[in-house]
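The values are calculated or read from the model by the stated rules, or taken from the named source; none is laboratory data. Keep in mind the model is a prediction, meaning the values are calculated, not measured. Note that we place each Cβ from the backbone using ideal geometry, even for glycine, and neighbour counts take in every protein chain shown.
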Amino acid sequence: MSQLIKLDNYISRYERNIFHYPSQFSRLKTENWNRLKQLWQDQLLYNVSAEANQEEPQDSYFSKWRSFFNSRSEIENQSDEVEILPKTEEALKQYFLDALFPFQLKWASTTIDRMSFIDKTYNQDFLLKYFLQRIPDTHLLLYMPVFQLKNGPIEGEIILISPLEIEIITLIEKSSTQHIIPNDTRTWYVDEFNVQSKVLSPMIAVKRTETIVHSILKKYGLDYPVKKVILSRTNTIDSQTEPYRTKYVDANQHENWLKQKQTLYTPLKHQQLKVADALLKHCESVAVRRPEWQQEESTQIL
């Protein structure tokens, strides 16, 4: 599960200490997965035993998981409602990822003393879930960050920082019956049943973000590979060649592209964290003091 280090222009605890939180996240995730899996195994054994004794399985300790990532009160208590854990390990993994998602949103919109007012639509952002749930946590994700530059704020594309490279990703997805035809100009084409229509080239957006990323890396003297990715999970991209340091990932290549990331066993790199830190320094953050801190300060004044 990739780590959401920046979301829009919300404050992120990763920008406070990028050299601490990625390893803490991975450790908490592993610990809580092991804890949940043990609860699940215990629940299966309990249910088998209850059936053998012709007893009603009790929704008690084995069927609850209410304090996900509860160390240091980092996450609010879950609902008191009892939940029955999934029957298969594969379903349990998805249950775990879905439970982890709100926690990631919290880390990407709060620090210890400040908070951003997050748009509730992100709770149902399936594209965001796709990048978080299908890519390992050795990858650091900036999801539509807003860069603060001399000329003002500029919205960026999706940026994925792996231990090996930076990928700047934009999506172009149409009906599955359509084919995408790249072009060298500002216009691409979409073909459906031999009828072509024009669309704005996705290269414009990724090139703009690429220019920003390169300028930030140059400022801090950082040398790190940067690649542009045009991603279409639903369509084929009809092209014989690709522009320099650009990858077209279409419906036929999509799963292999993901698999390469999922089988990359290289751990987080110090240079990778330095690159992430540099980018975060130039991202806009809009936040206010958290209410509990304001209340504490008022109490001290009184």
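Put simply, of Tyr220, Tyr248 the only residue that is modelled with pLDDT of 95 or more, surrounded by 13 or more Cβ atoms within 10 Å (Cβ to Cβ) and more than 27 Å from Met1 (Cα to Cα) is Tyr220. Of (1) more than 20 Å from Thr30 (Cβ to Cβ); (2) part of a helix (DSSP H, G or I); (3) over 10 Å from the mean Cα position of the chain (by Cα), Ala99 satisfies all except one. Which? Only one criterion in (1) more than 20 Å from Thr30 (Cβ to Cβ); (2) part of a helix (DSSP H, G or I); (3) over 10 Å from the mean Cα position of the chain (by Cα) is unmet by Ala99, namely (1).
Every residue in region 1-35 that is assigned to a loop (DSSP other than H, G, I, E, B) and surrounded by 14 or more Cβ atoms within 10 Å (Cβ to Cβ), please.
Keep residues of region 1-35 that are assigned to a loop (DSSP other than H, G, I, E, B), which gives 1-2, 8-9, 11-12, 16-20.
Met1, Ser2, Asp8, Asn9, Ile11, Ser12, Arg16, Ile18 - these are the residues of region 1-35 that are assigned to a loop (DSSP other than H, G, I, E, B) and surrounded by 14 or more Cβ atoms within 10 Å (Cβ to Cβ).
Cβ separations smaller than 8 Å between residues 6+ apart or across chains give the following pairs from region 193-221 residues that are in contact (Cβ under 8 Å) with a residue 40 or more places away in the chain and farther than 14 Å from Ile161 by Cβ to residues that are of a type in the set (Lys, Arg) and buried (at least 19 other Cβ atoms within 10 Å of the Cβ): Met203/Lys228; Val206/Lys228. One residue stands out among those in region 102-139 that are assigned to a helix (DSSP H, G or I) and among the basic types (Lys, Arg): the one that is nearest to Trp257 (Cα to Cα), which is Lys129. Taking the conditions (1) of a type outside the set (A, V, I, L, M, F, W, C); (2) at pLDDT 90 or above; (3) closer than 30 Å to Leu279 by Cβ in turn, Lys37 satisfies each one other than (3). Going by the conditions given, is Ile180 under 26 Å from Leu268 (Cα atoms) and not in a helix (DSSP H, G or I)? Judged against the criteria, Ile180 is not a match. Of everything in region 183-217, what is surrounded by fewer than 17 Cβ atoms within 10 Å (Cβ to Cβ), part of a strand (DSSP E or B) and not charged (D, E, K, R)? Give them in sequence order. Of everything in region 183-217, those that are surrounded by fewer than 17 Cβ atoms within 10 Å (Cβ to Cβ), part of a strand (DSSP E or B) and not charged (D, E, K, R) turn out to be Thr187, Tyr189, Val195, Gln196, Ser197, Val199, Leu200.
On the given criteria, is Glu255 over 30 Å from Glu284 (Cβ atoms) and at pLDDT below 95? Step through it out loud before you land on a result.
Details: over 30 Å from Glu284 (Cβ atoms): yes; at pLDDT below 95: no.
No; evaluated as a whole, the condition is false for this residue.
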